[in-house]
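The values are calculated or read from the model by the stated rules, or taken from the named source; none is laboratory data. Predicted model, so just to flag it, every value in this text is computed and none were measured. Here the Cβ is made from the backbone with ideal geometry for all residues, glycine too, and neighbour counts use every protein chain on show. Ligands, DNA and RNA are stripped out before the accessible areas are found, and what is left, the full protein with its side chains, is counted by its heavy atoms. Shrake-Rupley method; radii C 1.70, N 1.55, O 1.52, S 1.80 Å.
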Amino acid sequence: MSKDFSMWYTKFGPSGDIVLSSRVRLARNLSDIPFGKHMTDEHQKTIVSRCREALPNMKFIDFSEMSSAQKQSLSECHLISPTMAESKKNSGILVNDDCSSCIMLGEEDHIRIQAMAPGLNLDLCMKEANKLDDILEAKSNYAFHKNLGYLTQCPTNLGTGLRASVMMHLPALTQSGRMESIIRSLSKLGLAVRGFYGEGSQALGNIYQISNQVTLGISEEEILEKLGFLVTDIIEKERDQSRRLYEENKIVLEDKLMRSFGILTNAKLLSSLETINLISDVRWAINLGIITTINLETLSAAFYNTLPATITKNYNLTSAAERDLKRAEIINSSLLA
Amino acid sequence: MKCQKCNKNDATTHITEVINGIKTEMYLCSICAGESSDIFSFAPNIDHEFDSLFGSFCSAPAISKPLYEKSICKMCGTSISQFLKTGKPGCSNCYTVFEDLLSRPLKQIHGSTRHTGKTPTKLGEMFKTEDKIAALRAQLDAAVAQQNFEEAARLRDEIKSLRGEHK
């Protein structure tokens, strides 16, 4: 299942050399249903049934019938948040055909509409999310306050309830030690920078998620414009830095990146952490034209299909050792193809 | 040693997590280790910390005792002390009940206390009518003060019809 889910994600989008994906998330709540611990199973069911009724063309995935690995696999493909993957509640999601739109039901907020696209394409994401939002709004009563906007369980999401984020691969800026100051500057400008897979995590594999912090007192258009503008600037910085590093230390950099390619194509055991970092090197090498035998889409597919929960679920594995063996096997063959 | 998650099978896998500098170690069986993803041990959830921080933020302004006692959300039963403790509302109505307490933290977080983005179409119409009524009310008060009763009667009727439209 998640092989299909990762499909849109492995595609190459605008500025796809640096930007892996864009996402827009709208937090919405129903006015007659309480939040968090006040919410009963009945309330959960009401949320699910109202949304399913409003959007009959979307496929419903019931979480009560899924294993923990299946849920975590959805989180690895960015369809749901890690918090939702761990949740024991009777929730579920609504997804469209290619899973680029997904509505999380009964998570922190009653409704979280997400639209995703490969590369830098925030406008497309916003358009898709708005479409779903308008349909749901017409058929339900959203919790909305004249001054505070869309009411959310957490006051940090009040107002537009919009979180727009862009996932970027920034190896050159990281290697040259510039990320710390970039993160500091972005934070002053109201943007948050997180590592791979959400809040608080380290930047595994030089992948950073950049998103807006402020949701109240600023319009949706302004949020997207500001994020898009700063992301475009970072893309240029990364390309420049990458070019400069390569010109200065051609052989040293080629050696480092090709060694990683060597490990990925020959190792017999690969842990997920090691793989993320090695794949980052190979990604960089493809962008620099050092490796020409495979493209970024092949690399992304190999990466997403071998993430821990996804590989556990797809191959029915039980231990980390089995995963490392299977991961190496899949990556060896897809990178040599 | 038994698995620390299911307490049934023998522990075969050792997992170390470092969250905010605090190291925790877990010994799990192969099944539980297979379920728990090695990636997510790197993504701690910061929500719990946020709750208490936000709560202390809200409690900062001095609250008079009568207000303290009265403020309970009628929809979900969240009291002001519960709200201050967690910083999280129990339902959407809490935002109306505790709105005054929120202005300070909201200004700190968002730099604003007023939404300027999208408004649900249905509610947008209602808000426009409300604004219109408020403006007419002010004109009505002024007309009464000037003893212009003819104008006051006209304004009253206009307000009445706007209200009726909205029912």
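Some observations on this one:
- Every pair of different Cα atoms in the range A:142-230 enters the Kirkwood calculation, which places the hydrodynamic radius at 14.0 Å.
- Per the accessible-area calculation with a 1.4 Å probe, the total area buried between chain A and chain B rounds to 4700 Å².
- Karplus (6.51, -1.76, 1.60) ³J(HN,Hα), θ = phi - 60°, over the range B:80-85, in Hz, Gly and Pro reported as x: 4, 5, 5, 5, 5, 5
- Rounded to whole Hz, the Karplus (6.51, -1.76, 1.60) HN-Hα couplings of the range A:232-246, x for glycine and proline: 4, 5, 5, 4, 4, 4, 5, 4, 4, 4, 4, 4, 5, 4, 5
- Alpha carbon centroid spacing (whole Å) that separates the range A:316-337 from the range A:95-127: 30 Å
- Take A:298-311, A:268-281, A:49-62, A:105-118 and order them by the average number of nearby Cβ atoms within 10 Å per residue, most first; the result is A:105-118, A:298-311, A:268-281, A:49-62.
- Amide H contacts for B:T116 (H built 1.01 Å from N in the peptide plane; partners 5 or more residues away or on another chain; cut-off under 5 Å): A:G217, A:I218.
- For the range A:9-119, average projected area of the Cα convex hull in nm²: 7.2 nm²
- 3J(HN,Hα) couplings calculated from phi for the range A:203-217 with the Karplus curve 6.51 cos²θ - 1.76 cosθ + 1.60 (θ = phi - 60°) are, in sequence order, 7, 5, x, 6, 9, 10, 10, 10, 9, 6, 9, 7, 10, 10, x Hz; Gly and Pro show x.
- A:T10, B:T119, ranked by accessible area, largest first (probe 1.4 Å): B:T119, A:T10
- Cα lying deepest toward the dipole's positive end in the protein assembly as shown, options B:G124, A:T174, B:C94, charges on Cβ: B:C94
- Per-residue ellipticity at 222 nm computed for chain A from its helices equals -15000 deg cm²/dmol, with DSSP H segments shorter than 4 residues left out and the rest contributing -39,500 (n - 2.57).
- The calculated Kirkwood hydrodynamic radius for the range A:249-336 is 13.0 Å, given to one decimal from all distinct C-alpha pairs.
- When the other protein chains are added to the chain by itself, burial of at least 40 square angstrom of heavy-atom accessible area (probe 1.4 Å, ligands and nucleic acids ignored) affects these residues of the range B:76-99: B:K88, B:G90, B:S92, B:Y95, B:E99.
- Nearby aspartates and glutamates by direct alpha-carbon distance to A:K11 (threshold 14 angstrom, same-chain neighbours under 8 apart not counted): A:D98, A:E297
- The range A:231-281 - Rg over Rh from alpha carbon coordinates, Kirkwood radius: 1.09
- Average accessible surface for chain A: 39 Å² per residue, computed with a 1.4 Å probe over protein heavy atoms with every protein chain in place.
- Heavy-atom accessible surface of the range A:8-239: percent carbon and sulfur, 1.4 Å: 49 percent
- Candidate residues A:T83, A:T215: accessible-area rank, largest first, probe 1.4 Å: A:T83, A:T215
- Relative contact order, whole percent, for chain A stands at 20, derived from Cα pairs under 8 Å and 6 or more residues apart.
- Given a 1.4 Å probe and the protein chains as shown, A:E42 ends up with an accessible area of around 110 Å².
- The figure for A:W284 is an accessible area of roughly 10 square angstrom, using a 1.4 Å probe on the protein chains alone.
- Of A:S81, A:S140, A:S91, the one that fluctuates the most in a GNM where chain A has Cα springs shorter than 10 Å: A:S140
- Under a 5 Å amide H cut-off, with hydrogens placed 1.01 Å from N, A:A192 pairs with A:S211, A:N212, A:Q213 among residues at least 5 apart or on other chains.
- Whether the range A:75-170 is rounded, prolate or oblate, judged on the alpha carbon gyration tensor where a/c under 1.5 counts as rounded: rounded
- Debye intensity ratio I(q)/I(0), log10, chain A, q values 0.09, 0.11 Å⁻¹ (C-alpha model): -0.49, -0.73
- Compactness relative to 2.2 N^0.38 Å, alpha carbon Rg of the range B:64-145: 1.43
- If the Kirkwood radius is taken over C-alpha pairs of the range A:20-74, then at 10 °C and 1.306 mPa s the Stokes-Einstein diffusion coefficient equals 116 µm²/s.
- Rg/Rh (Cα only; Kirkwood hydrodynamic radius) as it applies to the range A:197-311: 1.04
- For A:S100, distant residues with modelled amide H under 5 Å away: none
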